[in-house]
Structures are given as C-alpha cells and as structure tokens.
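Shown next, in structure tokens, is the structure this report addresses.
Quick note: the coordinates plus some simple rules give every number you see, no bench work behind them. This is a predicted model, so every value here is computed, not measured. Because the Cβ atoms are built from the backbone with ideal geometry, glycine has one as well, and the counts that use them run over all protein chains shown.
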Amino acid sequence: MTPALPFVLPQWLITVAILLAVVGLAAVLIWVERRALGIWQDRWGPNRVWFLGIGQVAADMIKIFMKDDWVPPFADRAVFVIAPSIVMITILLAVAVVPFTPELTIAGDWNIGVLFFLGMTSLAVYSVMLGGWSSNSKYAMLGTLRASAQSISYEVFMGLALLGVVIQTGSFSLKDIVLAQQDLWFVVPQALGFLIFMIAGLAETHRLPLDLPEAEHELTAGFHTEYSGMKFGMFFVGEYVAVVLVSAMLTTLFFGGWLGPTFGFWFMPIVWFAAKTGAFILFFVLLRAAIPRPRFDQFMGFGWKVLLPLSLLNVVVTGAIVVGKGS
Amino acid sequence: MSPALKERRADGILGELHTRFPGESFVEQKTADGIPTVWVPAGKLLAVMKYLKLDAKPGYRMLYDLTAVDERLRQNRNGLPKADFSVVYHLMSFERNSDIRVKVALEGESPSVPSLSGLWLNANWYEREAWDLFGIKFDGHPHLVRIMMPRTWQGHPLRKDHPARATEMERFTMDEAKMYREQEALRIKPEEWGMQVQGEDNDFMVLNLGPNHPSVHGVFRVMLQLDGEEIVQAAPDIGYHHRGAEKMGERQSWHTYIPYTDRIDYLGGVMNNLPYLMAVEKMAGIQVPPRAQTIRVMLSEFFRITSHLLFYGTFVQDVGSMSPVFYMFVDRQKAYDVIEAITGFRMHPAWFRIGGVAADLPKGWDRLVREFLDFMPKRLLDYEKMALRNTILKKRCIGIGRYNAEEAIEWGVTGPNLRATGYEWDYRKARPYSGYENFEFDIPTGKNGDVYDRCLVRVEEIRQSLRIIEQCLNNMPEGDYKARHPLTTPPIKDNTMQDIETLIHHFLNVSWGPVIPAGECSMTVEATKGLNSYYLTSDGGTMSYRTRIRTPSFAHLQQIPYISRGLMVPDLIAIIASIDFVMADVDR
C-alpha cells in the first residue's frame with residue numbers, strides 16, 4: 001500500500017503548489033525541449049545562460065514580458081485579448097483532477113474526474129477558435145478552421161479511447177482508476193486505447209507532427225499569427241501545460257499513476273509519477289524531432305476512418321469482456 | 001558582310017529554313033558558339049517559329065530562352081540588319097541535340113513584335129520580362145505587364161539610356177504618398193489574374209502567400225484563389241529579388257563581373273562562374289588547360305552536392321519534418337570545409353578566372369577530399385531511412401505536382417526537374433564541356449515526375465557527384481592551373497621578372513581589364529537546378545555589351561500554377577520545395 005505523507009498539508013497549499021509546479025514545469029519545458037531537440041539534432045540548443053543554459057527560461061520570460069503588447073487595429077479587440085487566457089484557464093482547471101499521489105491532488109477523488117478532464121479540454125478549443133477568428137486575418141482564419149476541425153474530431157476519439165479504462169474500473173474517478181491498476185497497468189489490456197489516446201492527446205496539444213493549426217510552413221503561424229508578446233506567450237505556455245497534462249493523464253490512466261515500488265519511502269509515489277510523466281514529455285519531444293507532418297485532409301481521414309472504428313471496437317470488446325466476466 | 005541565306009549553300013537547319021521559306025531575306029550571323037543564328041523579319045517570325053517547333057522533323061520543342069538586346073550603341077555590326085532593338089529566341093531540340101537562335105530586328109522607340117505565347121506556354125514570362133526591361137511590345141500577349149520591376153517604375157532598365165548607377169538618378173525618397181502608391185500597386189487585383197472572388201454559392205478566399213512566408217524560399221509571392229484549402233487558381237509574382245545583375249554586366253569589366261555570377265544561383269557558388277567564363281573564353285579563343293578544367297569540374301560537383309543537400313534538408317523540412325535539415329547542414333558544412341580550404345571562401349568563392357582558376361590546389365587537398373568522400377555515402381543511407389522511406393512523407397509527396405516530359409519541355413523545365421519525369425537528358429553527357437566527357441557517371445531519372453521523384457533524382461545526383469569527384473581525385477592532371485594566354489586574367493606571372501609580356505598583360509588586364517574581341521557567345525552548363533546559360537555580346541570593349549543570364553529557376557516557377565491547380569495549400573508548399581529554386585536565380 002502507498003505510504004502516507006509524514007505530514008499533513010492544508011488543501012489550499014496543495015492546490016497552490018500543484019498549480020505553480022505545473023506552470024513552472026511548463027516554463028522549464030521550453031528549455032528542456034530546446035535542449036533535447038538540440039541534442040537529437042546534432043546541435044547545442046540554448047546553453048549560454050547559467051548552468052547548462054537553464055537560465056534561458058528566465059531570459060525568455062523577461063523577453064516575452066517586455067515585448068510590445070500589440071493588438072492589430074483590424075482585430076476584434078475584446079475577444080482577441082480574452083482568447084489566450086481561455087486556454088490557460090481550462091487546461092489548469094483540468095489539471096485539478098489529476099491525482100499526483102493519493103494526497104497530492106486538488107480534486108483527484110472526484111467521481112466525474114474523467115468527464116471533467118474531457119470537458120475542459122473541449123473548452124480549450126474556444127481559445128484557438130476565438131483567437132484565430134478575432135484576429136481577422138486570413139492565415140489565422142485557415143489555422144482556426146483546421147484547429148476547430150481537428151480538436152472537435154480528436155475529442156471524440158480521445159473520449160472513446162478512455163471509455164475502455166472507465167469500463168474496466170467501473171468509475172470515472174481518476175483515483176479509482178489508478179487504484180484499479182495495482183495488479184496490472186491498463187496499458188496492457190487497453191493497449192489500443194492507449195495508442196489512440198496518445199495520438200488524440202498529441203492532436204489536442206497541437207504539437208508537431210500534429211501541429212496542423214499552426215503549421216508554420218503552410219500557414220506561417222496559423223491561428224496565432226497576429227499574436228505577440230505575453231498574449232502569444234499564453235498560447236505558448238498553454239501548449240506546454242497541455243503537454244504536461246496529457247503526459248500526466250497517460251501516466252494516470254494507463255501507467256498506474258503513482259504506483260510503483262516504494263521501498264518504504266514516503267516520497268517514492270511522487271518520484272514515480274514524475275518519472276513516468278517526464279518520460280512521456282520527452283517522448284513527445286522526440287516525436288516532434290522524428291516525424292513529418294501529415295497533410296490536413298489525410299490526418300482527418302485517418303482519424304475518422306481508422307481511429308474511430310478502432311476506438312469503437314475497443315469499447316465494444318472491453319465491454320463484452322467485462323460483462324462476460326461479471327455474469 | 002554576312003551573305004543572305006539564299007546566296008550561299010547553307011546546310012543543317014538553316015538549309016531547311018531556306019528550303020521551307022524560299023526567297024526570304026533571312027540573314028545568317030556567325031557566332032563564337034557555333035549555334036546557327038538567323039535574323040528573320042518580324043512579319044515572318046510566327047511562321048518560322050511554328051515551322052521550327054511543329055513542322056521541322058525533329059522539331060525544336062523547347063523555347064530555351066527569349067530575350068532582347070538594345071542595339072543602338074553597338075559599334076561592330078559587321079553586316080547585321082539595321083536595328084535599334086533585337087529580340088533573340090533561343091530554341092533547343094533534344095532529338096537533334098542542337099540549338100538554333102532566331103533574331104528579329106526592330107526599329108524605333110516603342111518597337112513591337114508578335115507574341116509567341118500562343119505557341120509556347122513559357123513565352124509568357126519571357127515576353128513580360130523583355131517588355132519590362134526593354135519596352136518591347138509583344139502583340140497578342142495575354143497579359144503584358146511588368147514582371148521584374150515594380151508596377152510603378154518609370155522607364156525600361158536594360159535600355160542603354162536608362163541609368164545604371166544610383167548616382168545618375170534622382171535622389172530616392174519615400175514619402176507617405178509614395179508609400180501608399182507602392183503598396184496599392186502590390187495589392188492583388190483578383191480579376192487581373194483570372195481569379196474569382198465569388199462562386200455560385202460560395203465565396204473564395206484570395207490569399208497572398210509571400211513575399212515573406214516561411215516556405216517560399218526567399219522573396220517570392222504566390223497569389224492564390226482558395227476554395228477552403230483547395231487551390232483554384234495560383235499566380236506567382238516574382239521580381240522581389242531583382243538586383244539588375246544583367247545591367248551590372250554592362251558596367252563591370254569582364255574580370256570583375258565574376259563575383260556577381262556567384263550570386264545568381266547563390267547556392268551554386270563557383271558553378272555559376274563556369275558558363276560565364278566559358279563564354280568569355282570562347283570569344284577570346286582561350287584553351288583552358290586540363291588541370292584547370294578538372295579542378296573546375298571538381299569544385300562544380302562539390303557545389304552541386306552542397307546545393308542538393310540544402311535542397312534535401314529544406315524539402316523534408318517543408319513537408320513538416322523538423323530534424324533532417326540539421327544533419328544535412330552539418331554535412332554541407334563538411335563539404336564547405338573542403339571548398340574553403342581550396343578556395344578560401346565558403347559560399348561565393350568567385351574562384352574561377354578567365355582562362356583557369358585563381359590558384360593551384362593547396363597542399364593536402366587530396367586528403368581533405370578523400371575524407372569527405374569516405375564520410376558522405378554513409379550519411380546518405382541514413383537519410384534515406386530517416387526521411388525518404390517515411391510513410392507520412394511518401395503520402396504527402398507521391399503523385400503530387402506531376403507533369404510528364406512533354407509538359408516539362410513545353411515549359412522549359414530542365415535539370416533534375418526534367419529528369420524526374422524519366423527523360424534521360426543531362427547536358428554534361430549530351431554536350432560535354434570542361435572535360436566532362438572524361439568522366440564516368442550515370443544520369444539518375446525518376447518515373448512519375450512528381451514531388452517525390454524530384455527529390456529522389458537529386459539524392460541520386462549527390463552520389464553521382466561523389467563519383468565524379470573521386471575520379472577527379474584519382475586522375476588530377478598535372479600542368480598549369482591557368483591558360484598561358486594574354487587575355488587570361490590575371491596572367492600567370494612566373495616569368496614576369498624575365499619577360500615584358502606577362503608584365504604588360506598583367507598591367508593591362510588589371511588596369512583596363514581584358515579586351516574581348518567583338519562577338520556573341522552563349523555557353524550552358526548543367527547547373528545545380530537545371531540549365532544555366534550566359535549569352536554574352538561583346539562589342540570589342542573591356543565590358544560586356546549585353547549580358548543575358550538564362551536561369552533554370554525562372555522557367556520552373558512559371559510552371560507552378562499549372563501543376564498546383566486543384567491541390568491543397570500544403571501540396572503547394574511541397575511542390576515549391578521540390579522545385580528547388582532560389583529567388584536570386586529567378587530574378588537575377
């Protein structure tokens with residue numbers, strides 16, 4: 001059984017700590033990604049500022065905060081300003097349901113945790129949509145169209161991929177889902193669901209190779225073409241928070257969350273969770289380095305023609321097995 | 001006095017022309033390059049061209065180049081027809097493996113000549129260029145507007161009375177009114193390009209892709225009419241990189257123009273020097289010694305490799321793969337290390353000279369070249385696994401932007417882009433120059449003429465270039481690196497202290513620059529991106545009378561609307577990447 005924390009923390013402290021940690025991690029990720037890509041691509045990456053260049057995070061933040069906060073005169077000002085914050089808010093709200101350990105969580109025991117997560121990630125698409133729409137620019141418009149289509153479609157497969165896990169656990173609570181993996185991580189029985197969820201998660205975060213809404217080679221910067229300064233920074237950090245979130249969800253849903261040999265140490269669950277999540281984050285970075293971008297229509301076709309039947313099949317088979325076992 | 005055709009027994013194509021058009025006053029002109037050159041009256045132009053393209057067996061199917069010359073200040077006319085301007089058509093026949101040059105003499109301040117745009121699809125841009133730069137009207141041209149210069153430009157820059165230096169012009173200022181005027185001139189007028197804004201039950205988006213867009217490889221604009229993301233119409237717009245390289249040729253000495261050529265196809269480095277120098281040497285009657293020729297071949301092939309590596313990397317990147325470009329830049333740097341050790345410069349060494357190369361190979365060059373030859377093939381195999389065999393990449397490339405050999409020739413497409421259609425034709429094999437006949441190498445070809453094949457052909461060409469370099473390494477001849485000829489610039493000076501000749505030559509060639517005998521010559525090389533020619537006219541002076549640079553990329557870009565219709569925006573990006581152009585090579 002998981003050893004309890006040797007001390008009791010007030011819930012507000014945990015909440016603040018988790019949110020700060022996630023945003024902080026997202027900022028550090030900028031450096032991690034650039035260094036990791038650098039190493040994989042036979043170059044250095046940022047290595048000048050402070051130890052191993054990690055001060056680059058601070059330097060980037062200073063730069064982005066000092067930048068001229070410019071709203072294009074042709075944009076719809078109010079919406080243009082609000083849009084970037086939506087992504088931050090919704091993704092951070094979704095983080096609330098992730099159980100980092102049994103105690104370290106904001107709402108991990110919530111009995112609709114999975115649904116809340118899906119709902120919040122769905123809302124995040126408004127950020128991209130409103131941002132691109134209010135920019136009143138053609139490239140942003142094309143990016144927005146792609147983003148809405150991509151997010152809405154992959155939302156479906158993401159939800160369906162999760163259902164297998166939910167059926168096996170019999171609960172929407174993420175904590176219960178982790179506890180149900182004591183004997184066997186869900187990645188084994190739900191391998192298909194895992195793959196689909198990962199692809200859909202990648203699509204939700206708009207990262208290369210599935211960064212079609214931004215696709216700099218085609219749409220310059222897609223939906224955030226007109227954004228600069230901190231407003232762009234919110235999209236940017238929002239993307240990284242989403243990467244952390246998806247990695248954490250993959251860990252929770254399929255890789256046993258905090259579970260792992262503890263050797264009696266109270267901090268081991270945190271270490272396990274962090275290690276698993278970190279591995280997924282690095283994997284996402286590696287994917288970015290390794291795979292080209294599919295064409296938009298090919299990617300949508302892949303979703304509806306391949307992923308949808310597969311995820312439905314997964315649900316049906318899992319359901320049948322669970323029902324069969326129960327009877 | 002060149003006799004008119006009917007008065008002498010002409011053979012070859014000129015004889016055929018004589019038979020077909022008896023009694024016409026066609027004037028034959030002798031040129032240094034030996035290309036049959038004939039002046040025809042403007043009224044007969046269409047008939048002659050039609051005959052040459054369609055009726056002659058085999059026909060001259062490619063309109064290789066179309067340009068003009070301002071003849072008004074030319075001194076050495078030697079019996080050429082009286083002309084204020086001449087329009088020059090350079091046709092190419094692959095079956096005959098020979099060319100023909102047709103000229104039309106024009107008189108007056110605003111001359112005009114019938115347009116060939118009904119006969120060759122690619123005449124369109126060439127005629128616009130001649131209109132823009134010379135003010136020659138092409139009657140019947142569908143859309144004769146400026147192509148290189150801004151729409152607001154006054155005058156026609158390549159006319160001899162147009163100033164060549166900023167100091168000869170009025171001081172340039174940009175006030176607000178002018179800025180608005182210039183911006184307004186750049187705005188897309190959809191109907192001008194045959195674009196619809198509204199369909200029956202939907203609106204179309206008119207999108208400005210470029211001139212500053214991450215994937216257009218420089219300053220290149222494609223105006224698009226989009227239905228969703230599908231391209232209904234595309235209209236490329238060039239001229240943003242126009243630096244007047246041809247005009248500069250008219251006020252630089254033959255020698256000091258060499259560095260300008262490096263910057264035409266700026267990825268081709270010294271390979272650009274080659275056609276220019278070959279043309280100058282031909283007119284001067286210089287024989288380049290074998291060692292110099294082999295050094296030229298070796299460095300040209302090095303630049304083919306660096307250019308193709310850059311293509312390879314950026315192509316894969318434009319299709320959305322982030323990493324390979326970095327590996328290829330590393331390799332490219334390895335090649336540049338060798339180039340730098342030999343020439344002292346990376347990208348634009350301007351290292352070839354009239355009559356040879358600037359210096360002999362440095363000590364230890366062979367070791368450096370050997371190291372590179374050992375290093376490169378392994379890497380190419382890696383890339384094949386990493387990039388070319390990737391399913392996503394294949395899905396995005398195969399079958400996209402297809403054209404066949406017929407269409408390629410119609411559009412003036414040459415080089416790897418022609419070979420990708422399966423048409424096995426390489427200038428180095430068909431008409432060897434600089435000693436290419438002594439080398440063993442294959443001509444890689446594709447099958448489908450699509451984006452993917454254009455990449456494959458180039459990758460294979462890297463391997464063939466390595467083969468050529470290896471042969472250069474193993475068989476580098478001994479001897480002079482520069483011809484012992486008075487017009488060689490600067491001359492070899494090993495005897496300067498003993499004889500007056502080389503000292504005088506050096507003095508003259510450095511103070512005036514060499515004086516090249518009057519004449520005309522066009523020389524072509526198989527450059528990195530296709531056929532690159534310099535068509536030089538000397539009036540017996542220290543400077544060129546007219547420098548015409550025929551670049552492959554100009555022709556290739558003109559074809560974009562034709563092969564991208566009905567595809568999606570990402571396909572257009574893949575097509576643009578697969579064409580492999582640099583804007584300096586288009587606009588010059």
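Projecting each Cα onto the charge dipole of the protein assembly as shown (Lys/Arg +1, Asp/Glu -1 at the beta carbon, about the Cα centre), which of B:Leu116, B:Leu503, B:Tyr427 comes out farthest on the positive side?
So the residue we want is B:Leu503.
Would you mind checking which residues have amide H under 5 Å from A:Gly257's amide H? H placed 1.01 Å from N; only 5 or more apart, or other chain.
Here A:Thr252 satisfy the definition.
Average partner chain C-beta neighbours within 10 Å, per residue of B:203-215? Walk me through the numbers on the way to the answer.
Values: counts 0, 0, 3, 1, 5, 2, 5, 0, 0, 1, 6, 7, 6.
What the average comes to for B:203-215 is 3.
Once you treat every alpha carbon in segment A:115-238 as an equal point and sum by Debye, what is log10 I(q)/I(0) at q = 0.16 Å⁻¹?
For the requested q values the scattering log ratios are -0.78.
May I ask you to list the aspartates and glutamates whose Cα is less than 15 Å away from that of B:Lys50, ignoring any residue fewer than eight positions away on the same chain?
B:Glu16, B:Glu410
Going by average Cβ neighbours within 10 Å, how do the peptides A:93-106, A:295-308, A:144-157 rank, with the highest at the top?
Taking the mean over residues of other Cβ atoms within 10 Å, the ranking is A:93-106, A:144-157, A:295-308.
To the nearest 20 debye, what charge dipole does segment A:71-326 have about its Cα centre, counting +1 at the Cβ of each Lys and Arg and -1 at the Cβ of each Asp and Glu?
Dipole about the Cα centre, nearest 20: 240 debye.
Note down the net charge around B:Asn495, summing +1 for each Lys or Arg and -1 for each Asp or Glu among other residues with Cβ under 10 Å from its Cβ.
Cβ neighbours under 10 Å give a net charge of -1.
Taking the Cβ of each residue in B:Arg146, B:Arg165, B:Arg546, B:Arg454 as the centre, tally the other Cβ atoms inside 10 Å and list the residues starting with the fewest.
B:Arg165, B:Arg146, B:Arg546, B:Arg454
If one computes the Cα centroid of segment A:220-234 and of segment B:567-588, what distance in Å separates the two points?
26 Å
Once you treat every alpha carbon in segment B:358-465 as an equal point and sum by Debye, what is log10 I(q)/I(0) at q = 0.10, 0.17, 0.19, 0.20 Å⁻¹?
-0.39, -0.93, -1.04, -1.09
Just to check I understand the Karplus step: with θ = phi - 60° and J = 6.51 cos²θ - 1.76 cosθ + 1.60, what whole-Hz values come out for segment B:42-57, glycine and proline as x?
So the Karplus estimates, Gly and Pro as x, are 4, x, 9, 3, 4, 5, 5, 5, 4, 4, 5, 7, 9, 8, 4, 10 Hz.
Report the percentage of all Cα-Cα pairs in segment B:428-551 whose separation exceeds 25 Å, rounded to a whole percent. Mind showing how you got there, number by number?
Values: 3800 of 7626 pairs.
Roughly 50 percent, once rounded to a whole number.
What fraction of the Cα pairs in the protein assembly as shown, stated in percent, has a spacing above 39 angstrom? Please list the in-between numbers first.
Details: 214765 of 418155 pairs.
Tail fraction, whole percent: 51.
Considering every Cα-Cα pair within segment A:71-326, what fraction, in whole percent, is farther apart than 33 Å?
21 percent
Using alpha carbon centroids, what distance separates segment A:123-167 and segment A:283-303, in Å?
Using only Cα atoms, the two centres lie 16 Å from each other.
So for B:Ile188, A:Ile321, fewest C-beta neighbours within 10 Å to most, what's the order?
With the fewest neighbours first, B:Ile188, A:Ile321 line up as A:Ile321, B:Ile188.
Measure out, as a whole number of angstrom, how far apart the alpha-carbon centroids of segment A:254-279 and segment B:422-470 sit.
Segment A:254-279 and segment B:422-470 have Cα centres spaced 57 Å from each other.
Can you spot the aspartates and glutamates whose alpha carbon is less than 16 Å from A:Lys231's alpha carbon? Ignore those fewer than 8 places along the same chain.
Partners within reach: A:Asp60, A:Asp68, A:Asp69, A:Asp76, A:Glu214, A:Glu239.
Do any of B:Lys395/B:Lys529; B:Lys394/B:Lys529; B:Lys82/B:Lys482; A:Lys67/B:Lys529 go past 30 Å between their Cα atoms, and which?
B:Lys82/B:Lys482; A:Lys67/B:Lys529
If you count, for every residue in B:312-324, the Cβ atoms of partner chains within 10 Å of its Cβ, what is the mean? Write out the running numbers ahead of the final one.
Numbers: counts 0, 0, 1, 0, 1, 2, 5, 5, 14, 8, 11, 10, 4.
Mean shielding by partner chains, rounded to a whole number: 5.
Considering only Cα-Cα distances, which of the following residue pairs are longer than 29 Å: A:Lys305/B:Lys378; B:Lys57/B:Lys137; B:Lys363/B:Lys493; A:Lys276/A:Lys325?
A:Lys305/B:Lys378; B:Lys57/B:Lys137; A:Lys276/A:Lys325
Quick one, can you get me the convex hull of the C-alpha atoms of segment B:3-139 expressed as volume per residue in Å³?
105 Å³
Within a Cβ distance under 13 Å of A:Leu52, other residues only, what is the Lys/Arg minus Asp/Glu net charge?
Working: positive: A:Arg34, A:Arg35, A:Arg48; negative: none.
Once positives and negatives cancel, what remains is +3.
Under the √(5λ) rule applied to the eigenvalues of the Cα gyration tensor, what semi-axes describe the equivalent ellipsoid of segment B:245-587? Give them in Å, descending.
Square roots of five times the eigenvalues give 36, 23, 16 Å.
Give me the three principal axis extents of chain B from the C-alpha atoms, as integers in angstrom, largest value leading.
85, 62, 57
Can you give the log10 of the normalised intensity I(q)/I(0) at q = 0.09, 0.11, 0.15 Å⁻¹, computed with Debye over equal Cα scatterers of segment A:172-314?
-0.34, -0.50, -0.86
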